[in-house]
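J.: If you scroll down you'll find the structure; I have some questions about it.
The values are calculated or read from the model by the stated rules, or taken from the named source; none is laboratory data. Remember, predicted model here, so these are calculated numbers, not experimental data. Glycine also receives a Cβ, built like all others from the backbone with ideal geometry; neighbour counts cover every protein chain displayed. When the accessible area is computed, the model is the full protein with side chains, heavy atoms only, and any ligands, DNA or RNA have been set aside. Shrake-Rupley method; radii C 1.70, N 1.55, O 1.52, S 1.80 Å.
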Amino acid sequence: MRTATLGSTSTATRPQPLKRLAIADRGISAMRILQAVRERNEQRGGALRTVLLVPAGEATCLAARLADELVTFDPAAPGGLDAALATARADALWAGWGGVVEDARLAAVCERSGLPALGGRPAAADGVLADVVLDRTGAGWVAGLRRSTLTESVSMPYSPELAAAALDAARAARAAGVVTVGFDPAPRVAGALCAGQAVTEAATGLDLVRLALDLADGEAAGVPPARSGAHAVAAHLRATGDGRVELLRPPAGAGIRVDVGVTEGDRAAGDVLTVVATGRDSAEATARLHRALADTTLVLDRGTTNRGDLLGARAPRPDAALLVAAIELADAMTGVDRARFLAFARRGRPECAASTVHVVDLVHRGVRYRFTVAQVAPARYRLTVDGATLEVDVERLGAHERRLAFGGERVRAVVGVQGTEYVVEIDGIAQRIGRDDGGLVRNLAPAVVVSIPVRRGDEVAAGDV
């Protein structure tokens, strides 16, 4: 997709006021434009309506709950987006940076429909970037300078020389709206709005998404805001594996801003949330950011996140993670025993063959561990491994959160189950602990084996029935 505003160049002609805005977007950027429209309507008493174009499988996502109208379509079907856009009856299209469909397809659809497109993902550009605000007459200013990568962004001190060069490059490209100018080494328009501009917003108090909306509606760029000198850093928490969110609790606190794109039950793909921290200097802002990332609680039913990379030098705690996994698995085995007892009891012949001690086999990074786990009190467990015995007190703070006390220390843990693995987070660092059953196939309820459709030596793959 081209620069900030497809279909618009520097012209003094004021367009008709926007009445219906189609949003072909997802996640954080979809939420940002929805919030900007709602605030604009609240402030001005307007009636700009939002129409979210969303794949059918995401019709209950967070953005879909907040949009005024919803149009579902198949992103893979030829003409699917054209049909959805025609149904939306929109005056403009918000492309954002969430990636519902490819930029080239969005550009082609806008060209066929004649609709201006706001936003659009930026070209890959690392290093020094300038966020430029331009109206249709070419008047404008530079909101801020930053260094950005795919996962992190840092605000930079304002440089009049770099700002002037960025403004000239944006005007030369006949851009309008909010654009990103990169220096590689010559200044050039690198794209439009993106998650990294959150640090510019945090350092200046601007809402660049709202500005892009106002500029697309023909408003003037106005005057630049006063510069506060605050330092801002941002981290973009990304999910891999296309899992569903089972638990999400964003961080809070002084100097912390969080842009959230999903809620519990949503599919998590790409950016889940952006955490921005501000401070009086770089050290204070960075400390706040790391604290906020560690305080974030996120559990997926599959896949993982990049939080460990964002937290950097924090040492993992495999000892605590193994204790958590051993206790969780022992509790699951106790639950199976209880279910079996109740199942037989309902048939009038209760049998109690359950053991008060469970032997748990786990594997972590290729190393196998055998734990003996005994629950000796409602919240206390005695674990033995490699001849050493340890008593652990466990507080269950929810479906996924635990607090453990052992060996004179207290540890907060977040645990999720993904297939045969436990994903245990200690101090924000996730570790995968596998269940080592040595090829044993387990069923979690009483059952009768009807047939075994394989023979010794057959090869099977995950998902085969």
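J.: Would it be correct to say that Thr384 is part of a strand (DSSP E or B) and touching a Ser or Thr at 6+ places or on another chain (Cβ under 6 Å)?
T.: yes
J.: Mind telling me which of the residues Arg314, Arg227, Arg291 ends up being out of contact with any Lys or Arg (no Cβ under 8 Å at 6 or more places or on another chain), assigned to a helix (DSSP H, G or I), open to solvent by 20 Å² or more (accessible area, probe 1.4 Å) and in contact (Cβ under 8 Å) with a residue 40 or more places away in the chain? Give the derivation first.
T.: Working: Arg314 fails: assigned to a helix (DSSP H, G or I); Arg227 fails: assigned to a helix (DSSP H, G or I).
Just a single option satisfies the conditions, and that option is Arg291.
J.: Hey, Pro78 hits all of (1) in a loop (DSSP other than H, G, I, E, B); (2) open to solvent by 40 Å² or more (accessible area, probe 1.4 Å); (3) modelled with pLDDT of 90 or more but one; which does it fall short on?
T.: Answer for Pro78: the failing condition is (3).
J.: Which one is least open to solvent (accessible area, probe 1.4 Å), of the residues in the range 325-353 that are over 21 Å from Val392 (Cβ atoms) and small (Gly, Ala, Ser)?
T.: This residue is Ala343.
J.: Quick check: anything in the range 133-146 open to solvent by 30 Å² or more (accessible area, probe 1.4 Å), modelled with pLDDT under 95 and not aliphatic (A, V, I, L, M)?
T.: Yes, that holds for at least one residue.
J.: Gly308 fails exactly one of the following numbered conditions: (1) surrounded by fewer than 21 Cβ atoms within 10 Å (Cβ to Cβ); (2) not aliphatic (A, V, I, L, M); (3) not in a helix (DSSP H, G or I). What is the number of that condition?
T.: Answer for Gly308: the failing condition is (3).
J.: Further, regarding this structure: Of the residues in the range 230-255, how many are free of Cβ contacts under 8 Å to residues at least 60 places away in the same chain, assigned to a strand (DSSP E or B) and either over 22 Å from Thr274 (Cβ atoms) or open to solvent by 60 Å² or more (accessible area, probe 1.4 Å) (or both)?
T.: So the count comes out to 2.
J.: Somewhere in the range 40-61, is a residue farther than 18 Å from Arg267 by Cα and touching a Ser or Thr at 6+ places or on another chain (Cβ under 7 Å)?
T.: Looking through the range 40-61, none of the residues is farther than 18 Å from Arg267 by Cα and touching a Ser or Thr at 6+ places or on another chain (Cβ under 7 Å).
J.: Looking at the range 192-217, which of its residues are in a loop (DSSP other than H, G, I, E, B) and either at pLDDT below 90 or of a type in the set (Ser, Thr, Tyr) (or both)? Quick ask: steps written out before the conclusion?
T.: Keep residues of the range 192-217 that are in a loop (DSSP other than H, G, I, E, B), which gives 192-194, 205-207, 217.
Hits for the range 192-217 are Ala192, Leu193, Cys194, Asp217.
J.: If I ask for residues that are open to solvent by 70 Å² or more (accessible area, probe 1.4 Å), in a strand (DSSP E or B) and either more than 21 Å from Leu298 (Cβ to Cβ) or among the hydrophobic types (A, V, I, L, M, F, W, C) (or both), which ones from the range 392-403 would you list? Spell out how you get there, then give the answer.
T.: Pass one, the range 392-403, residues open to solvent by 70 Å² or more (accessible area, probe 1.4 Å): 395-397, 399, 403.
Subsequent filtering for residues that are in a strand (DSSP E or B) retains 395-396, 403.
The answer is none; no residue qualifies.
J.: Can I ask one more? Confirm whether Ala36 is touching a helix residue (DSSP H, G or I) at 6+ places or on another chain (Cβ under 6 Å), surrounded by fewer than 24 Cβ atoms within 10 Å (Cβ to Cβ), assigned to a helix (DSSP H, G or I) and modelled with pLDDT of 90 or more.
T.: Numbers: touching a helix residue (DSSP H, G or I) at 6+ places or on another chain (Cβ under 6 Å): yes; surrounded by fewer than 24 Cβ atoms within 10 Å (Cβ to Cβ): yes; assigned to a helix (DSSP H, G or I): yes; modelled with pLDDT of 90 or more: yes.
Yes: the conditions hold for Ala36.
J.: Mind listing whichever residues of the range 148-164 are part of a helix (DSSP H, G or I), surrounded by fewer than 17 Cβ atoms within 10 Å (Cβ to Cβ) and not acidic (Asp, Glu)?
T.: Pro160, Ala164
J.: Turning to a different aspect of this structure: Out of (1) open to solvent by 50 Å² or more (accessible area, probe 1.4 Å); (2) touching a residue at least 12 places away in the same chain (Cβ under 8 Å); (3) of a type in the set (A, V, I, L, M), what's the single condition that is false for Ala202?
T.: Single failed check for Ala202: (1).
J.: Taking into account only those residues within the range 407-423 that are assigned to a strand (DSSP E or B) and of a type in the set (Val, Ile, Thr), which is farthest from Asp295 (Cα to Cα)?
T.: Among them, the one singled out is Val417.
J.: If you don't mind, another one. Would you check if Leu52 is within 27 Å of Leu273 (Cβ to Cβ) and either assigned to a loop (DSSP other than H, G, I, E, B) or open to solvent by 40 Å² or more (accessible area, probe 1.4 Å) (or both)? Even if it seems obvious, please write down each step before you answer.
T.: On the way: within 27 Å of Leu273 (Cβ to Cβ): yes; either assigned to a loop (DSSP other than H, G, I, E, B) or open to solvent by 40 Å² or more (accessible area, probe 1.4 Å) (or both): no.
It is false that Leu52 is within 27 Å of Leu273 (Cβ to Cβ) and either assigned to a loop (DSSP other than H, G, I, E, B) or open to solvent by 40 Å² or more (accessible area, probe 1.4 Å) (or both).
J.: Follow-up question, since we're still on this one. Quickly run through the range 280-289 and pick out the residues that are over 12 Å from Gly253 (Cβ atoms) and either charged (D, E, K, R) or in contact with a Gly (Cβ under 9 Å, 6 or more places away or on another chain) (or both).
T.: If the condition is that a residue be over 12 Å from Gly253 (Cβ atoms) and either charged (D, E, K, R) or in contact with a Gly (Cβ under 9 Å, 6 or more places away or on another chain) (or both), then Arg280, Asp281, Glu284, Ala285, Thr286 are the ones that fit.
J.: Exactly one of these conditions fails for Val275: (1) buried (at least 21 other Cβ atoms within 10 Å of the Cβ); (2) of a type outside the set (Lys, Arg); (3) within 13 Å of Leu62 (Cβ to Cβ). Give me its number.
T.: Result: Val275 passes all but (3).
J.: Quick check on Leu213: is it of a type outside the set (Lys, Arg), over 22 Å from Val233 (Cβ atoms) and open to solvent by 10 Å² or more (accessible area, probe 1.4 Å)?
T.: It is false that Leu213 is of a type outside the set (Lys, Arg), over 22 Å from Val233 (Cβ atoms) and open to solvent by 10 Å² or more (accessible area, probe 1.4 Å).
J.: Next up: Taking only the range 256-268 into account, find how many residues are free of Cβ contacts under 8 Å to residues at least 40 places away in the same chain and either open to solvent by less than 10 Å² (accessible area, probe 1.4 Å) or within 9 Å of the chain's Cα centre (by Cα) (or both).
T.: The total comes to 1.
J.: Exactly one of these conditions fails for Arg368: (1) within 35 Å of the chain's Cα centre (by Cα); (2) free of Cβ contacts under 8 Å to residues at least 40 places away in the same chain; (3) open to solvent by 40 Å² or more (accessible area, probe 1.4 Å). Give me its number.
T.: Status for Arg368: all satisfied but (2).
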